[in-house]
Each structure stands twice: as C-alpha cells, then as structure tokens.
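Remarks on the structure that follows.
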Amino acid sequence: MKRIPQIVVLVIFSAFLFYSLQVDSPAPQKARDYLLQNGPKETGAVNLVTSIYLGYRAFDTLGETIVLLVSVSGVVYFIGKKQ
C-alpha cells in the first residue's frame with residue numbers, strides 16, 4: 001500500500017512518454033524541398049546526408065566535438081591527478 005503513489009506516477013509518466021513518442025512531427029515541407037534541390041549543389045557532396053551534416057551543420061558539429069574534447073580532457077585530468 002505504500003507504493004501506490006509511486007506506481008500511479010510511473011503509470012502517468014509512462015503514458016505521457018508513450019504518447020509523446022507516437023506524435024509524428026515531419027520536417028517542414030519548404031525546408032525539406034530546399035535541401036533536396038540545393039543541398040548537393042551548394043555543398044559539393046554527392047550524398048544528401050553528407051551535404052546536410054558537413055555542409056550545413058559543420059559549425060554545430062565542430063562545437064559538439066570541442067565540448068566532447070574538453071569534457072574528456074577534464075575527466076582524464078581529474079582521474080590521473082594524485083591525491
């Protein structure tokens with residue numbers, strides 16, 4: 001009887017999560033059409049996925065790489081530090 005509130009919260013959270021995963025949110029038609037027509041021409045890549053990832057999102061990818069590098073460097077520094 002003590003766990004009934006936790007079970008209720010878990011069921012509500014699970015239902016919300018299940019509903020949010022079922023909602024379909026397609027890419028806007030205008031942006032999708034623009035990328036299909038102009039992506040390979042503007043970036044020079046043959047593959048559309050490569051043109052989007054490296055051509056349009058290159059700075060975002062670079063930023064994510066820098067954040068990952070700094071995080072790993074910090075972890076290695078603190079793990080290797082002698083007491």
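The numbers here are math on the coordinates, done by the rules we state, and not lab data. Source: prediction; values computed, not measured. Neighbour counts are summed over all protein chains in view; Cβ atoms, including those assigned to glycine, are modelled from backbone coordinates with ideal geometry.
For the chain, the longest stretch holding no trypsin sites (Lys or Arg not before Pro) located in a DSSP loop with at most 16 other Cβ atoms within 10 Å is which? Walk me through the numbers before you get to the answer.
Values: sites that count: LYS2, ARG3, ARG57, LYS81, LYS82.
With a cap of 16 other Cβ atoms within 10 Å, the longest stretch comes to 4-56.
Here the Karplus relation 6.51 cos²θ - 1.76 cosθ + 1.60, evaluated at θ = phi - 60°, turns the backbone of the range 43-49 into coupling constants of 9, x, 7, 7, 8, 5, 5 Hz, with x for every Gly and Pro. Neighbour counts of other Cβ atoms within 10 Å put THR61, THR43, THR50 in the fewest-to-most order THR61, THR50, THR43. Once both labels are positioned 7 Å from their Cα atoms along Cα-to-Cβ, the gap between ALA15 and PHE59 label points is 4.5 nm. Label positions at VAL70 and VAL46, each projected 7 Å from the Cα along the C-beta direction, are separated by 3.8 nm.
Within the chain, the proportion of C-alpha pairs whose separation exceeds 18 Å stands at 71%.
Each of GLN6, ALA31, SER73 was placed along the dipole of the chain (beta-carbon charges, centred on the mean Cα), and the one lying farthest toward the positive end is GLN6.
How large is the charge dipole for the chain, taken about the Cα centre, if only the Cβ atoms of Lys, Arg (+1) and Asp, Glu (-1) carry charge, to the nearest 20 debye? Mind dumping the intermediate values first?
On the way: 8 positive and 5 negative charges, 95 e Å.
It comes to approximately 460 debye.
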